[in-house]
Structures are given as structure tokens and as C-alpha cells.
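**Q** Attaching a single structure in C-alpha cells format; questions to follow.
Values in this text are rule-based calculations from the coordinates and carry no lab data. As the structure is a computational prediction, the values presented were derived from the model and not from experiment. Neighbour counts run over all protein chains shown; Cβ positions are idealised from the backbone, glycine included.
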Amino acid sequence: MPEEIIASQETRAGWDRIAATPEFRGLMTTKKVFIIPVFLFFLVYYFALPLLVGLAPHWMSTKIMGGANRAYVFALSQFVVAWVIAWRYLKAAGKFDRRVQEIVAQADESRGGK
Amino acid sequence: MSMSLLVFLAFIGITLGITYWASKRSRGATAYFAASRQLTGAQNGIAVAGDYMSAAAFLGLVGIIAFQGYDGFLFPVGGFVAYVFARANDTGEAVPTMKGTLDMIFVRRPRPVKAMASVSTLTICTFYMIAQMVGAGALVALLLKDSGISYRTAVVGVGTLMIVYVVFGGMLATTWVQIVKAILMMAGATVLSILVLAHFHFRPGEFFAAAGHVAYHNNGQAVVKDFLQPGLRYKPPYGTLDLVSLGLGLVFGTAGLPHILVRFYTVPDAKTARKSVMWAMVLIGSFFIMTSILGLGAAAIVGPDYIATHGGNNMSTPLLAQRLAGDLFFAFISAVAFATILAVVAGLTISASTSFAHDFWTSTVHKGVERHPGEEVRVARMAAFGVGAAAIAIAIGVGPAANVGFLTTLAQAVAASANFPVIVLAMFWRRFNTWGAVTGLAVGLVSSLGLILVSPSFMGVDASSVSGAARHVIQARAWFPLENPGIVSIPLGFLGALVGTLLSDEPAAGSKFNELLVRSQTGLGAEKAASY
């Protein structure tokens with residue numbers, strides 16, 4: 001597929017204009033507010049596992065419930081945390097999508113329809 | 001004829017039937033590369049999960065846990081967290097990996113970037129494929145040894161089947177083979193996990209107690225180890241660094257894995273893509289949790305000594321099935337593992353060949369124009385054939401003893417070092433340009449491969465009693481102390497991209513930033529950017 005077709009679909013000025021609209025900028029801010037804390041928490045929680053396992057193996061080996069040790073329970077909790085984050089994230093992504101559609105519709109309109 | 005052989009042949013029959021059906025239905029490039037974008041969320045989700053639950057997981061991860069206990073379990077945990085991290089990003093927006101961005105970075109960027117991205121895709125796919133082929137060969141040779149099939153014959157057979165699926169059936173056949181296999185595999189793993197727990201009378205205390213006292217021989221010495229305790233694989237002084245490096249490779253590498261990315265071209269819209277991610281996450285997570293039950297179960301019930309003398313660590317899962325439920329279940333589990341290998345290898349082949357046909361052949365060699373209609377599909381088919389043949393040759397060279405789960409994590413380290421820095425910088429740095437992308441990809445690729453070559457995976461001094469494939473390839477002390485290169489090679493990839501950008505003079509780069517930003521966030525223009 002030749003790329004020239006795509007390039008002509010929206011001009012340089014067109015991209016810059018969309019990037020500057022309040023709708024687009026608002027969307028970016030909302031996303032950042034949601035994503036950055038979640039992302040950081042996720043990283044810290046995950047890397048705590050190899051760090052604790054490497055630096056405090058004996059503490060992690062303490063049995064805490066049903067014969068399982070801290071290390072195993074913490075590893076299982078990674079799955080639960082990842083599921084919860086993914087679920088929340090996918091829900092939020094649905095909302096972002098609707099705002100994206102508005103921006104796309106607006107862009108089409110200002111280009112005089114497709 | 002043995003029971004295993006019968007079960008194998010039945011599965012081969014089913015998959016060839018699917019391929020024949022798919023070849024009748026698919027016409028044209030969208031059908032070949034993206035299954036005509038007709039898959040539902042559940043279908044695609046199961047296929048996505050199938051891609052990720054490879055034989056490396058089913059055989060290799062269980063094997064690592066059966067031999068190295070808790071440290072081995074860190075592989076599936078990291079693998080799952082990494083999966084969620086990568087997927088959440090690319091179906092939802094936000095960070096970089098989604099479709100629009102990919103099209104921008106890897107498809108619409110100037111020719112040197114595409115050529116380089118294509119090289120990195122082929123390298124990553126080949127790593128993955130070798131892992132799967134080694135597993136396939138070892139498994140088939142072991143299971144069918146009564147029928148006189150050797151490792152070499154088995155690798156050739158698996159390779160040939162996969163080439164048939166991809167060349168004749170395209171994405172549609174590949175996807176359905178994947179779906180059938182994913183369902184069989186979840187069923188097999190679930191039944192086997194329940195059998196393990198039943199063996200311990202469904203009392204977790206009994207299960208963990210048994211895993212806490214595993215007796216086996218280590219370097220000829222009888223030992224009893226607690227398999228729940230960290231430290232069996234990663235020991236001081238470099239253990240902690242290696243663990244973090246492993247995590248880095250997994251978390252950032254999964255985002256750059258090409259065969260998982262192409263799956264998202266097969267659904268009609270973002271909502272369906274998200275639904276399929278939910279399916280995939282539930283399936284993959286449950287499966288990876290089960291690897292700990294299977295691995296610890298295999299260690300406690302079958303024992304590392306027995307496994308080591310009956311096919312090695314990759315055979316832990318089938319041997320556990322045999323011990324708990326007899327030969328028929330052994331044959332079933334083995335056939336599932338075999339099916340898994342075929343399906344995943346086919347998926348890899350299709351992404352490697354797609355990348356080659358589109359990014360390298362059409363875009364780079366012929367400047368973005370197909371000279372004849374249908375050329376791209378034909379080139380992809382030929383590339384599938386070539387990639388398949390190369391993987392067969394290398395898998396025969398590597399030999400049956402390499403742990404397949406570990407080989408896959410190395411593929412992820414390469415993906416993390418080469419692809420990830422480029423994706424991130426393209427999104428967040430206005431000045432980032434073509435040369436930066438090329439040098440970033442090249443430095444990430446070369447440094448991760450180089451570090452793997454001088455790591456303890458390849459270098460080491462073995463006692464003269466260690467023979468054959470268990471010996472290190474290079475008999476010298478490893479120059480790089482870690483198994484996992486990520487902690488060094490990912491920063492190097494970033495550095496390469498940085499230096500490449502700063503040293504080249506490309507004034508137009510900054511003005512593309514808004515375009516990339518808007519396109520990746522809204523998907524505007526993405527549909528037209530790729531022909532599939």
C-alpha cells in the first residue's frame with residue numbers, strides 16, 4: 001500500500017491543529033492522571049518481588065498461611081493485583097474511547113467530511 | 001503403533017482439516033494476514049492466550065519449577081505481569097504499543113527503520129521458534145521412541161507441518177489451530193492440577209509440606225531442599241541483579257513481541273480487542289498459577305532424579321501426568337504439548353513472514369509499491385517457508401537439552417532491548433528521528449545478543465564428566481555474570497537511540513511529533529496505514 005495516500009489524508013497543519021484542540025489536550029490530561037499513578041504502583045509492586053526475594057530470602061521463606069511462605073503468597077498476589085489493574089484499566093479505556101470518537105468526528109468535520 | 005502416536009496423528013489430522021477449510025475460505029491479503037478481521041472477542045482472546053501459553057510455558061516453566069522450585073515460579077509471575085502491562089497499554093492507548101503507533105513507527109517510518117525493525121522481528125521470532133522447535137523435537141522423540149523417530153526427524157516433521165499451516169491456511173488457519181489447542185491445554189492443565197491436589201487429599205498444608213522436602217541428587221550428592229524457598233536458581237552475589245534484570249526483560253520485552261502484536265489486527269474494533277484481552281488475561285493468569293502446582297507437584301511426586309533420567313526438565317508435565325493417571329493421560333498431555341508447539345510456531349512464522357513481506361520486501365526493496373497484485377502474499381508465503389527451514393536447521397544444531405522456557409525469556413530480553421526504547425522515544429521525545437530509531441534498534445539487538453553469548457548461559461567451565469548438550473558452548477569463565485541481559489542492554493538500547501538522534505541532523509523530525517501523538521491516541525489514519 002503506497003504511503004503517499006495516508007500522508008495526504010491529513011496535512012501537517014491538520015495534525016498540529018488537532019493536537020492543539022482543548023478536547024484533545026483534555027483527554028491527554030485525563031489519561032495521564034489515571035495512568036501514571038497506576039503505572040508507577042504496578043512497577044513498584046512488581047519489582048518489590050524480585051528485590052525482596054533476592055535481598056531477604058530468609059524473611060520471605062517464613063511460612064504464613066496453610067503451609068505457604070511469604071514468597072509464594074506474594075507471588076500469587078501479583079496475579080490478583082494485575083487482574084484488578086487490568087480490569088480497571090479496560091473499563092477506563094472504554095470511556096477514553098468515546099472521547100476519542102468525538103475528536104475524530106470533529107476532525108472529519110473540519111476537513112469537510114470524508 | 002503406540003497410543004501416543006495415535007493421539008498425535010489424530011491431532012495432525014484435525015489441524016490439517018482446519019488448514020484445508022481455511023485455504024478454501026481465504027482470498028486476498030486481508031484474509032491471509034488478518035483472518036479478514038472477522039474474529040469475535042472470545043475467539044481472539046482464546047487465540048491470544050494460546051499464543052502466550054506456549055509449549056515453553058507448558059513444558060519449560062513447569063520444568064524450571066520442578067528443578068529450581070520457587071525461583072522458577074518467578075518466570076510465570078513476571079510473564080503474566082508483563083503481559084498485563086503490555087496489553088493494557090496497547091488496547092487502551094496511553095503508552096505506546098498500540099496499533100496506530102506501531103504503524104507509525106514500524107511501518108510509516110522511512111526505509112532504514114523498517115528494514116531494521118524487520119531484522120529485529122525476524123531475530124526475536126527465530127529465538128522463540130528455536131525454543132518451540134527444541135521442545136517439539138525432544139518431546140516427540142521421547143514419546144515416539146518406540147516408533148523409531150529421532151529428535152532430528154521430529155524437528156523436521158514439526159517444521160514441515162507448521163509451514164503447511166502458514167503457507168496454505170494463513171492467519172485464519174493459524175488462529176483456529178491456536179483456539180483448539182488453547183482449549184485442550186487449559187483442560188489438560190486443569191485436570192492435572194486437580195489430580196496433584198487430590199494426591200495430597202486437597203489439603204494445601206500437605207502439598208506445601210511435600211514441596212518443602214524434595215530429595216534428589218545434585219552433582220552426585222544426595223540433598224533435601226525446600227522448593228518453596230527462594231535461592232535455588234539465583235544465588236548471591238549476582239542473584240538479585242539477575243532477578244531484576246529478568247523482570248525488566250519480561251516487562252518491557254512483552255510489549256515488543258511481534259507475534260502477539262499481530263493478533264490485534266484480526267478483530268474489527270477496539271471494543272472487541274478489549275474483550276479479547278479480558279479473555280486472554282483470565283486464561284493466561286489461571287494457567288500460569290497452575291504451573292506452580294504442576295511444577296511443585298512434579299518435584300514432590302515424580303522427583304527431579306526420575307525426570308532427569310526420563311527426558312529431562314522439559315518432560316516434567318507429561319511425566320507427572322503419567323505418574324498420576326497412567327499412559328492414556330500421558331499420551332493426551334503429550335499430544336496437547338505437541339499441538340501447542342505446532343500452533344505457536346505457526347503463529348510465529350506468520351508474523352515473521354508478514355513483517356518480511358510488508359516491511360522489508362514491499363516497503364524497503366520496492367519502495368512501498370506492490371509490483372504485481374498479490375505479490376505481498378506470495379512473498380510472505382515464501383518467507384514463511386524460509387523462516388521455517390532456518391528454524392529447523394538451528395533447532396537441530398542446538399540439540400534437545402536446552403530449557404525451552406529460558407530460551408523464550410531471552411527472546412523477550414532481545415525484544416525489550418531493541419524494540420522498547422524505540423517505541424517509547426518515538427512517543428515522548430519530539431526530536432527523535434530516523435537515525436535514532438535505527439541505531440536504537442541495532443544497539444539493543446546487538447548488545448542483548450552479545451551479552452547472552454558471553455553470559456553463563458553460553459560460557460562456563462564444565463567438569464570433564466559433563467558431556468553432550470549439557471556442556472557450555474564456550475569453555476571459559478563467563479565474561480558477563482548475569483543470565484539475563486536486560487538490565488544492561490535496555491539502557492544501551494536507549495543510549496543508542498539517543499546518540500543516533502543527537503548525531504544526525506534531521507530538521508523535520510520534530511514536526512512529525514504531533515502527527516504521531518494524534519495518530520497513536522485517536523487511531524486516525526491507522527486503518528489505511530497498513531494493508532492488513
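**Q** Averaged across the residues of A:15-21, what count of C-beta atoms belonging to other chains lies within 10 Å of each residue's C-beta?
**A** So the per-residue partner count for this stretch is 5.
**Q** Please check which bits of segment A:65-96 a label hung off residue B:202 would reach, taking the label as a point 7 Å along Cα-to-C-beta and the cut-off as backbone N under 20 Å.
**A** Counting only backbone N, you get A:66-68.
**Q** Sticking with this structure for a sec: Relative contact order for chain A using alpha-carbon pairs under 8 Å, separation at least 6, rounded to a whole percent?
**A** Value for chain A: 28 percent.
**Q** Please arrange A:43, B:449 by how many other C-beta atoms lie within 10 Å of their C-beta, fewest to most.
**A** Ranked by crowding around the Cβ, least crowded first: A:43, B:449.
**Q** Roughly how big is segment A:4-110's charge dipole about its Cα centre, with Cβ charges of +1 (Lys, Arg) and -1 (Asp, Glu), in debye to the nearest 20?
**A** Value, rounded to 20: 660 debye.
**Q** Let me ask you something else. Write down the radius of gyration of segment A:4-110 and its Dmax, each obtained from C-alpha positions, in Å.
**A** Every Cα atom of segment A:4-110 included, Rg and Dmax give 22.0, 65 Å.
**Q** In peptide A:60-73, what is the residue-averaged number of other protein chain Cβ atoms found within 10 Å of each Cβ?
**A** Rounded to a whole number, the mean comes out at 5.
**Q** Would you mind checking the pairs B:181/B:271; A:63/A:91; B:181/B:275; A:32/B:271; B:24/B:181 and listing those with alpha carbons more than 30 angstrom apart?
**A** On the way: B:181/B:271 25 Å; A:63/A:91 37 Å; B:181/B:275 20 Å; A:32/B:271 21 Å; B:24/B:181 22 Å.
Where the Cα-Cα span goes over 30 Å, the pairs concerned are A:63/A:91.
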